[in-house]
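As structure tokens, the structure follows; a few thoughts come after it.
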Amino acid sequence: MNADMLESFKSSVCSSIRVRDLGLDEYMVHTGFTYADGDEFHIILRTTDEEWVLSDEGHTLMWLSYEDFTMTPVRADLFERILNTNSVQNENGALTVRFDPGMSGQALYSLVQAIMQVSDLRFMSKTRVLNTFIDDIKELFKSSEMNPRCRFDLTVETPKGGVFTPDIYIEEENPILVFGITNTDNCRDAVINMLELQRSPSNYRYFAIVEDLEGITVKDRQRLMRSADKTVEGLGNLMQSIERFISISETRA
């Protein structure tokens, strides 16, 4: 890229943008935007006679991996929507925009927006947001072979006349009620519902999935483990755990 083309790129983007020559038609683009930990967005501009390319060189997804981030099905879907909305491609983990020189400003804006939004996915794993975790659980069940036996909106009545909707109802000879546990409050709610159903003629079994055991008080954690037939933490190997639970329960029946 000659000096005139470089100035054209800078002027079409923003006068405050700094571009540092790395050699071999590669340039580091300093936008001033940073990740939550203060690191500047890593953006590289590459130029050829055919096209110009802006890329984070995989830095954003690598940064997320340092944040103890898990790309669950729900987050993966949101990740794809972020890229599509911003016209950004995922090229082997690198967020990339290919563009004509006259579209420099829009291309850089699109990539910066995508990096911001993708890096913000970390908050979905850090905060104990009930809908996010429950959606993650439901997506796993919906995409599994168990889906035909699952109900996601079935209301259950307790012997005392109360009603509630388990996160997932699995149709079995002895139905399985699945509870997603994200914090102490909904842990207590789940335990109360399990205790009230103990006299139910349906002979329910209870499977609890805890987002983070450390996020629940010791007393409530113990109550949950006494009330549920099976308690697991996190989504890793979840489907194998529930299938093993069903298999063992059928053997004992």
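For the stretch 202-211, the criterion of being assigned to a helix (DSSP H, G or I) and among the small types (G, A, S) is met by none of the residues. Being of a type in the set (A, V, I, L, M) and buried (at least 19 other Cβ atoms within 10 Å of the Cβ) is the requirement here; does L224 meet it? Yes: the conditions hold for L224. Residue check: D153 meets all listed conditions (1) closer than 30 Å to V53 by Cβ; (2) open to solvent by 40 Å² or more (accessible area, probe 1.4 Å); (3) not in a helix (DSSP H, G or I) but one, namely (1).
Quick grid of which residues meet (1) closer than 18 Å to S241 by Cβ; (2) modelled with pLDDT of 85 or more; (3) not aliphatic (A, V, I, L, M):
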{"residue": "F133", "(1), (2), (3)": "yes, no, yes"}
{"residue": "L140", "(1), (2), (3)": "yes, yes, no"}
{"residue": "R149", "(1), (2), (3)": "yes, yes, yes"}
{"residue": "P159", "(1), (2), (3)": "no, no, yes"}
{"residue": "V163", "(1), (2), (3)": "no, yes, no"}
{"residue": "T184", "(1), (2), (3)": "no, yes, yes"}
{"residue": "L195", "(1), (2), (3)": "no, yes, no"}
{"residue": "S202", "(1), (2), (3)": "no, no, yes"}
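Any residue in the stretch 237-244 that is more than 26 Å from the chain's Cα centre (by Cα) and not hydrophobic (A, V, I, L, M, F, W, C)?
no
In the stretch 227-252, the residues that are at negative phi and part of a helix (DSSP H, G or I) reach residues that are at pLDDT below 85 and surrounded by fewer than 13 Cβ atoms within 10 Å (Cβ to Cβ) with C-beta atoms within less than 9 angstrom, at least six apart or across chains, in these pairs: S227/Q198. Considering L140, L111, which residue is open to solvent by less than 30 Å² (accessible area, probe 1.4 Å), in a helix (DSSP H, G or I) and among the aliphatic types (A, V, I, L, M)? When all the criteria are applied, what remains is L111.
Within the stretch 93-105, if we keep just the residues that are part of a helix (DSSP H, G or I) and under 19 Å from E50 (Cβ atoms), the residue that is most open to solvent (accessible area, probe 1.4 Å) turns out to be M103. Please go through the stretch 10-58 and pick out each residue that is among the polar types (S, T, N, Q), closer than 18 Å to Q113 by Cα, at pLDDT below 85 and open to solvent by less than 60 Å² (accessible area, probe 1.4 Å). Of everything in the stretch 10-58, those that are among the polar types (S, T, N, Q), closer than 18 Å to Q113 by Cα, at pLDDT below 85 and open to solvent by less than 60 Å² (accessible area, probe 1.4 Å) turn out to be S12, T31.
The values are calculated or read from the model by the stated rules, or taken from the named source; none is laboratory data. These numbers come from a predicted model, not from an experiment. FYI the Cβ positions are ideal-geometry reconstructions off the backbone, even for glycines, and counts take in every protein chain you see. The accessibility values were calculated without ligands, DNA or RNA, using every heavy atom of the protein model including side chains. Shrake-Rupley method; radii C 1.70, N 1.55, O 1.52, S 1.80 Å.
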